[in-house]
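The values are calculated or read from the model by the stated rules, or taken from the named source; none is laboratory data. Just so it is clear, the structure is predicted and the values come from calculations on it, not from any experiment. Counting neighbours? That spans all protein chains shown, and the Cβs are built from the backbone with ideal geometry, glycine included. Note: areas computed on protein heavy atoms with side chains; ligands, DNA, RNA excluded. Shrake-Rupley method; radii C 1.70, N 1.55, O 1.52, S 1.80 Å.
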Amino acid sequence: AVGRPGRRDLTAPLGDLRIAAACEKPAGFHARFSAAGKTYRYRIRNAAQPDIFQRNYCYQINRCLNTAAMRTASEQLIGEHDFRAFMSAGGNGSYEGQSTVRTIYDIDLDIKTLHPTPCETPFNPCEINLTITGNGFLYNMVRIIAGTLTEVGLGRIDPAAVTGILTAGDRTRAGHTAPPQGLYLVKVHYPSEKGE
């Protein structure tokens with residue numbers, strides 16, 4: 001409560017964080033393991049000239065991406081699949097003996113045209129927001145999906161090849177792991193929420 005000695009005002013900003021709301025949960029609730037799913041966003045800035053002010057907040061690609069091909073490829077990831085090919089080794093355990101099957105409920109590519117600078121050539125810059133909702137994600141899974149879709153957009157991977165990559169379960173056939181700067185956790189979904 002505000003004003004009580006030894007108590008912190010939880011409505012005050014905590015550095016870069018702010019508590020917007022709080023509620024009581026039953027005994028046994030775990031913020032991670034009780035989750036029914038998550039939504040992540042990955043930001044890609046596609047422009048011939050980099051934006052130095054955005055260097056820590058998005059993945060900057062200076063060659064024109066084929067967003068229609070990226071969208072076609074992304075649609076093949078929706079549903080329940082074994083995402084072994086989209087998992088990095090390491091992290092919290094090796095997943096040995098654990099299932100690598102996950103369900104992607106939705107993937108959205110939102111493309112926003114940016115105002116070009118006078119030296120922008122040879123294509124109009126845009127920001128691509130890749131938003132993915134699923135019941136769970138493997139280590140670096142979202143970043144590998146983003147890297148794979150980027151390579152589809154650059155013409156290095158055929159958009160129709162994504163189904164085969166999933167079936168093969170071979171990490172070397174999927175794209176690179178996109179850098180961490182573009183990754184954002186948007187929402188953690190819990191079963192008690194409306195519509196979950």
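Can you name every residue in segment 168-182 that is open to solvent by less than 60 Å² (accessible area, probe 1.4 Å) and assigned to a helix (DSSP H, G or I)?
Once the filter is applied, which keeps residues that are open to solvent by less than 60 Å² (accessible area, probe 1.4 Å) and assigned to a helix (DSSP H, G or I), segment 168-182 yields Ala168, Gly182.
Out of Gly175, Gly153, I need the residue that is farther than 20 Å from Asp82 by Cα and in contact with a helix residue (DSSP H, G or I) (Cβ under 6 Å, 6 or more places away or on another chain). Which one?
Among Gly175, Gly153, only Gly153 is farther than 20 Å from Asp82 by Cα and in contact with a helix residue (DSSP H, G or I) (Cβ under 6 Å, 6 or more places away or on another chain).
Arg102: open to solvent by 30 Å² or more (accessible area, probe 1.4 Å), within 20 Å of the chain's Cα centre (by Cα) and either of a type in the set (Gly, Ala, Ser) or farther than 19 Å from Arg71 by Cα (or both), yes or no?
Taking the combined requirement at face value, the residue satisfies it.
Of all the residues that make up segment 24-33, how many are on the phi < 0 side of the Ramachandran plot and open to solvent by less than 100 Å² (accessible area, probe 1.4 Å)?
So the answer is 5.
Give segment 153-180 a look and list any residue that's within 20 Å of Tyr59 (Cα to Cα) and in contact (Cβ under 8 Å) with a residue 24 or more places away in the chain, or say none.
The answer is Gly153, Leu154, Gly155, Ile157, Ala174, Gly175, His176, Thr177, Ala178, Pro179, Pro180.
Kindly provide the set of residues from segment 81-99 that are surrounded by 12 or more Cβ atoms within 10 Å (Cβ to Cβ) and either over 14 Å from the mean Cα position of the chain (by Cα) or at pLDDT below 95 (or both), ordered by number.
Within segment 81-99, His81, Asp82, Phe83, Arg84, Ala85, Ser88, Tyr95 meet the criteria.
Name every residue in segment 34-63 that is of a type outside the set (Ser, Thr, Tyr) and open to solvent by 80 Å² or more (accessible area, probe 1.4 Å), in order of residue number.
Within segment 34-63, Arg41, Pro50, Ile52, Phe53, Arg55, Asn56, Asn62, Arg63 meet the criteria.
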